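The values are calculated or read from the model by the stated rules, or taken from the named source; none is laboratory data. Small disclaimer: the values here were computed from a predicted structure and weren't measured. When we count neighbours, we look across all protein chains shown, and the Cβ atoms used for this are built from the backbone with ideal geometry, even at glycine.
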Amino acid sequence: MSAIEISNLAKTYQVGFFRKTEKAALKNLTLEVHEGEIFGYLGPNGAGKTTTLKLLMGLMFPTAGTASILGRPISDPQVKRSIGFLPEQPYFYDYLTARELLEYYASLSDVPAKERSSRAQRMLDRVGLGGAANTQLRKFSKGMLQRAGIAQAIIHDPKIVFLDEPMSGLDPIGRREVRDLIQELNDEGKTVFFSTHILSDAETLCDRVAVLNRGELQGVGVVADLLAETVGKREVIWEGASTALDALGTKVKIVGDIARTVIDDRQADAAIDAIRHAGGRLKSLMPVQGALEDYFLKHTEPGAGAEVKSE
Amino acid sequence: MSATAAILRNSVTRISAVILVFTLGASAWLAYRLDVSRPEVPSQEVLYLQTPRAVKIISLGYTGLAACIYWTRAVQYFGEKNVAKSKRFDLLQPLLDLTVSLDPHMVPAYEFGAIFLAQAPPYGAGMPDAAVKFVERGIHDNPTDWRLYYHLGFIQYIERHDYKAAADAFTRASDVAGHPAWMNAMPALMSQRAGDIETARVLWTRMYENAENEAMRKNAYLRLVALHVDDDVIHLEALTATYQQRTGNYPVGWREMIAAGLLKGVPVDPSGEPYRLAANGKVVVEDPARFPFITKGIPSGQKAAQTVTDESEKLLKNH
Amino acid sequence: MTTSRIGHIAYNTFREAVRDRVLYNLIFFALLLLASTPLFGKISIGLERIVLVNLGLTAVTIFGMLISIFIGIGLVSKEIDKKTLYTVLSRPVRRWEFILGKYFGLGLTLLVNTFFMAVGFLAALLYIAHGFQRSDVQLLGALYFIMLQFMVIIAITLLFSSFSSPMLSALFAFGYFVIGNFAEELRGAANLLDGVSRAIVLGISYLVPNFTAMNVISQVAHSEGITGALLLQNSLYAIFYSAAALSAAILIFENRDLK
Ligand SMILES: Nc1ncnc2c1ncn2[C@@H]1O[C@H](COP(=O)(O)OP(=O)(O)O)[C@@H](O)[C@H]1O
Ligand SMILES: [Mg+2]
């Protein structure tokens, strides 16, 4: 059984009050997520990631298409027992303390009364908020809110966790912690479906990713495959002999003794030789981190606008 | 069609649609029931400035002016209630109290209160005891005004049927300088002819002649008309009884009575309509709605007018 | 499970209200007003009790109504705006459970508030009257009717806030309260019209909440009894009307895209 099955899902927003125009935020999405995967849902801002998640959570109703989670259609209330959800930029009842918040959510997820407080404490410890359990959420920083949000998404031990941009707005340490947490959840056997617009977040973590642009699915697969297709460039950094690669005609940046440039994959061997010949010392030769923008530039046909005027 | 189908997308929405229709209907029906079953209530009638002191402060010492305003309000209030065929006059007493507290010498207010506080609903507030107190208060503040003693006697006689107290009041009136000559005869009238129509007629006639307030005059006039009808009915029923004694049967029409020499013509009520002969020699008016206050001649199964009706208004206009 | 979820949402709604400063401000002013009613009473000879009952119960009604509206309008829209609703509805909570939970939570809030205002009111009465009379039981009846009005107003506020903005909801709900108090007058006015306009006005007058029948303040001020029939009819009416408003709210909310 697949964890999530989406077929021909579409959502069109009505915008404007008097002169209604339609905005197709999601077009004909068909996608399958396997049980036990960490699945990255990638796309630039406005691609339709949040829209997809809201449809899956039953917060909005699709214009067309169907979706099922663990074999049940999403309109089946039973589905909600096995999923957890972290919305984008979450905000919580700020008059509650972190502990009260988690106990409340536990009660809404039908967690038995006697387990609620111990689970709340465990979740808070797990996301590093153990010390702030009795602090009202109005005093929480953005990062703390994000952690509380993850805690509430897993308090009832769901089989699938949906996270909408879980790393956005966090500092590097926070991102790292969230990444570790996602990995842990997956190790426990949970399926994790998370959206992001930053490729590097997904790269290290995901088994598979889907890339979305302007409401259309661009591709699904293993991250490396997608990147290889996109980039095929390497960054070379060396010390001394800063003119060694002038023959390749690339732009070289020099800071003190260190030189840096980006070359084609095919030129890698030639570049190593050239640096060695010139008496320089190779410091690093790395594939260029695939910028998602590059991928989209490649996958977005000009004029494929999502706006359609209604009659 | 597809729009409704979409709205009723699941069992919850279908059930709530059914509940909505049912409960909305039920509540409209209950609202209707409540309207029918509840007596008329003066829901928003609240007099916020209830105390003379508060009014005095707010009127910046112009108490005479304030008294006039409250007096006007009292009369208007009574008029509105009367038109609305109301059974409750909750604010009449507080308004009058305020008026005379602001100006203790406003005799018309005492007079007005004497009649309309005392008379039973729908012609007044139905508080004869309060009316007595109110007039006594007026007498205390205006001991030299014979009219207040007269009103006191009037309430005692007409509303409370306390003939001795009435006689006392009239005696006190005839001790006050400036009283009209007819006042001297009143105490005797009380003791000799207590409770008869004639005495009531004298009282209402005097009231009618002396009333300065239009509402009071109308009221007295309708009272006199009613007494007239009551009187007619008593006389006519005595004649039908005589007829029955002579012939053994009650008359079925006025013509028989005329033929028997008991009547000179067909008797008519004050609105010009002939009286009707009912079974067993009873005499009734054609339309009791014309005669508020009548106690006799009401056709069986009907009621006297509950208030001043359009019909009785006509009577007043003709007059 | 359904009932326990509704209960938890209700409790959380109550908790939100009692931790809100607006509530305390309103209660503070209500109690201040109630505390000052004996002053009004003191200067009115013989009418203290009537003045106090009228003013006191009117104050309880108005402040309770303000609390219902001010807290009620934000109940749903705030949860949508701040996206807290997303984390609730992605759980086994049905949308109709959420609406009912909000309703009972606000109802509980109003019950507690009304209790405190009633205590303040009765204390003021005790202060000027130096004791209670038998007929004061009627006051409890009047307070019960006031509470019924709140339950209806809450349902209506919830209905409006299930589809419109807080500002509009407040306007609508307040307008409804005012119209509801003139329901009978509206029917009176309808009887002066004829034809279609009469039918329309009459129809509207039976659809707006009938608060006139629930307002017995001036009756109890004069120590007049509340009949058992009125008690029953008003209770039923409040239940039906609230149920109608709530099912309309559910109907709308179940279909709403939470964008
Ligand atoms: N409530 C809404 N009304 C109208 N358009 C919307 C609404 N929400 C999102 N959109 C539009 O739909 C598209 C997809 O939005 P969204 O799903 O939020 O993207 P993402 O989460 O990938 O950033 C965007 O073009 C956005 O402007
Ligand atoms: Mg988004």
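Brief remarks follow.
- Highlighted here are the helices (runs of 4 or more DSSP H) found entirely within region C:1-110 that include at least 2 residues which are over 19 Å from C:Ala173 (Cβ atoms): C:2-18, C:21-42, C:48-72, C:84-89.
- Restricted to region C:151-252, the set of helices (runs of 4 or more DSSP H) holding at least 1 residues that are over 19 Å from B:Asp35 (Cβ atoms) and either among the acidic types (Asp, Glu) or without any contact (Cβ under 8 Å) to a residue 24 or more places away in the chain (or both) comprises C:166-181, C:195-207.
- Filtering region A:156-181 to residues that are more than 16 Å from ligand 1 (Cβ to nearest atom), hydrophobic (A, V, I, L, M, F, W, C) and modelled with pLDDT under 95 leaves A:Leu170, A:Ile173, A:Val178, A:Leu181.
Residues checked against (1) more than 24 Å from A:Val222 (Cβ to Cβ); (2) within 14 Å of chain C (Cβ to nearest Cβ); (3) away from ligand 2 (no atom under 16 Å from the Cβ); (4) in contact with a Gly (Cβ under 6 Å, 6 or more places away or on another chain):
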{"residue": "A:Asn8", "(1), (2), (3), (4)": "yes, no, yes, yes"}
{"residue": "A:Phe18", "(1), (2), (3), (4)": "yes, no, yes, no"}
{"residue": "A:Thr21", "(1), (2), (3), (4)": "yes, no, yes, no"}
{"residue": "A:Thr30", "(1), (2), (3), (4)": "no, no, yes, no"}
{"residue": "A:Tyr41", "(1), (2), (3), (4)": "no, no, no, no"}
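- Picking from residues in region A:1-18 that are within 14 Å of ligand 1 (Cβ to nearest atom) and part of a loop (DSSP other than H, G, I, E, B), the one that is nearest to the chain's Cα centre (by Cα) is A:Gly16.
- Some residue of region C:92-112 being touching a residue at least 24 places away in the same chain (Cβ under 8 Å) and of a type in the set (S, T, N, Q): yes
- Restricting A:Arg266, A:Arg208, A:Arg260, A:Arg281 to residues that are within 27 Å of A:Val178 (Cα to Cα) and either crowded, with 17+ Cβ neighbours inside 10 Å or not aliphatic (A, V, I, L, M) (or both) narrows the list to A:Arg208.
- Residue check for A:Asn45: surrounded by fewer than 16 Cβ atoms within 10 Å (Cβ to Cβ) and within 16 Å of ligand 2 (Cβ to nearest atom): yes
- None of A:Thr51, A:Thr63 is more than 24 Å from the chain's Cα centre (by Cα), within 16 Å of ligand 1 (Cβ to nearest atom) and within 11 Å of another protein chain (Cβ to nearest Cβ) except A:Thr63.
- Taking strands (runs of 3 or more DSSP E) as the structural unit, those lying wholly within region A:182-222 and holding at least 2 residues that are within 15 Å of ligand 2 (Cβ to nearest atom) correspond to A:191-196, A:208-213.
- Test: residue in region A:35-46 that is within 12 Å of ligand 1 (Cβ to nearest atom) and out of contact with any helix residue (DSSP H, G or I) (no Cβ under 9 Å at 6 or more places or on another chain): yes
- Within region C:247-259, the residues that satisfy the criterion of being touching a Leu at 6+ places or on another chain (Cβ under 7 Å) and either at the interface with chain B (Cβ under 8 Å from one of its Cβ atoms) or away from ligand 2 (no atom under 16 Å from the Cβ) (or both) are C:Ser247, C:Ala248, C:Ala249, C:Leu251.
- Residue in region C:220-236 that is within 16 Å of ligand 1 (Cβ to nearest atom), hydroxyl-bearing (Ser, Thr, Tyr) and either surrounded by fewer than 16 Cβ atoms within 10 Å (Cβ to Cβ) or more than 10 Å from chain B (Cβ to nearest Cβ) (or both) present: no
- Flag if A:Val178 is touching a Lys or Arg at 6+ places or on another chain (Cβ under 7 Å) and either part of a helix (DSSP H, G or I) or closer than 24 Å to A:Val33 by Cβ (or both): no
- Among the candidates C:Ile99, C:Ile69, residue that is β-branched (Val, Ile, Thr), more than 14 Å from chain A (Cβ to nearest Cβ) and under 30 Å from C:Ala35 (Cα atoms): C:Ile69
- Residue match in region B:140-149 (condition: acidic (Asp, Glu), under 25 Å from B:Asp231 (Cβ atoms) and either in contact (Cβ under 8 Å) with a residue 12 or more places away in the chain or in contact with a Ser or Thr (Cβ under 6 Å, 6 or more places away or on another chain) (or both)): no
- For B:Ala211, the requirement of being surrounded by 12 or more Cβ atoms within 10 Å (Cβ to Cβ) and within 26 Å of B:Pro122 (Cα to Cα) is met.
- Qualifying positions in region A:66-87 - within 16 Å of ligand 1 (Cβ to nearest atom) and more than 14 Å from C:Leu258 (Cα to Cα): A:Ala67, A:Phe85, A:Leu86
- Those residues of region A:77-92 which are of a type in the set (Phe, Trp, Tyr) and at pLDDT below 90, in sequence order: A:Tyr91, A:Phe92
- Answer residue from region B:266-300, given it is of a type in the set (D, E, K, R) and part of a loop (DSSP other than H, G, I, E, B) and is surrounded by the fewest Cβ atoms within 10 Å (Cβ to Cβ) among those: B:Glu273
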